[in-house]
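Beneath this line is the structure, given in structure tokens, with notes to follow.
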Amino acid sequence: MTERLEGCIALVTGASRGIGAAVAVELGRLGAQVVLTARTQGGLEETDDAVRAAGGQASLLPLDLREADQIDAIGPTLFQRFGRLDVLVHNAAVLGKLTPASHIMNDDWTNVVGVNLTASLRLIRTCEPLLRRAPAGRAVFVTDAVARQPHAYWGAIGATKAAMEHLVLSWAQELETTPVRVNLFDPGRVRTRMRSAAFPGEDPATVPTPDTVAPALALLCLPAEGRNGALVKV
């Protein structure tokens with residue numbers, strides 16, 4: 001990867017650990033100023049250290065994606081500080097309880113929908129004006145195969161990821177005539193906390209680490225990326 005992101009502003013959600021942290025480090029290594037968001041201040045600080053160790057720069061923006069006003073404030077906050085946004089990576093997600101559809105509780109449904117779907121809509125709404133101000137705005141939304149391959153007990157996360165994919169691909173078509181490119185990224189099996197919760201009996205040593213998929217995701221953030229409305233699988 002020879003192209004750089006010098007001078008670019010990149011927002012990464014779920015950046016306190018896992019894929020979010022790994023891609024934040026990769027974007028920082030490529031020269032981007034990375035804005036790190038997550039609920040956990042300590043995790044963000046660890047990612048900040050990792051980004052700086054890779055030669056990048058980072059800013060911390062702790063927030064809860066279940067809080068509408070906090071998401072809506074992202075656009076004005078970034079505009080005031082940077083004037084634009086070059087890269088949006090929406091990686092944050094919640095698994096919810098793996099349970100029969102008829103047993104999904106209201107609170108759990110609200111939580112999964114809030115983070116996996118509603119937050120995506122609010123990020124699109126607050127970030128689009130800033131991405132349009134960039135010379136080559138790039139947005140990448142991390143998804144999962146369960147959105148297209150339903151499994152028993154995975155109804156909540158599968159339904160919200162499927163709806164998120166539809167929303168994002170519709171948005172990509174709406175931006176087709178602009179310089180902004182919007183794509184989906186399916187990392188496949190990755191050693192994350194969410195996967196270990198879903199597959200507690202799985203040997204973590206048999207699952208690829210987040211840093212192995214981060215470069216492929218980062219490729220979608222580069223100005224040279226011409227695809228729009230694509231689903232990129234690892």
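Applying 1/(1 + (r/R0)^6) with r as the Cβ-Cβ distance of Glu176 and Glu3 and R0 = 25 angstrom yields a FRET efficiency of 0.65.
Just to be sure I follow the definition: excluding the sites themselves, where is the longest run in the chain that has none of the GluC sites (Glu not before Pro) in a DSSP loop with at most 14 other Cβ atoms within 10 Å? Provide the component values of the computation, followed by the final result.
Working: sites that count: Glu3, Glu6, Glu67, Glu176, Glu202.
By the stated rule (loop sites, at most 14 other Cβ atoms within 10 Å), 68-175.
Mean residue ellipticity, 222 nm, helices only, the chain: the sum of -39500 (n - 2.57) across DSSP H runs of n ≥ 4, divided by residue count and rounded to 500, is -12500 deg cm²/dmol. Extension gain for Trp109-Thr206 works out to 31.8 nm (0.36 nm per residue, less the C-alpha to C-alpha distance). Stretching Ala145 away from Ser102 to a fully extended chain increases their span by 13.3 nm, per 0.36 nm per residue minus the current alpha-carbon distance. About the centre of its Cα atoms, the stretch 9-233 shows a dipole size close to 320 debye [charges on the beta carbon of Lys, Arg (+1) and Asp, Glu (-1) only; nearest 20 debye]. A simple charge model with +1 on the Cβ of Lys and Arg, -1 on the Cβ of Asp and Glu and nothing else charged puts the dipole of the stretch 159-226 at about 220 debye relative to its Cα centre. Net charge dipole, the stretch 69-164: roughly 380 debye, given to the nearest 20, about the Cα centre with Cβ charges of +1 for Lys and Arg and -1 for Asp and Glu.
A simple rule links phi to the HN-Hα coupling: the Karplus curve 6.51 cos²θ - 1.76 cosθ + 1.60 with θ = phi - 60°, which for the stretch 215-223 gives x, 5, 5, 4, 4, 6, 9, 7, x Hz, with x for Gly and Pro.
Taken together, the values in this text are just the output of simple stated rules run on the coordinates, not laboratory data. What you see is a predicted model; the values in this text were computed from it and never measured. FYI the Cβ positions are ideal-geometry reconstructions off the backbone, even for glycines, and counts take in every protein chain you see.
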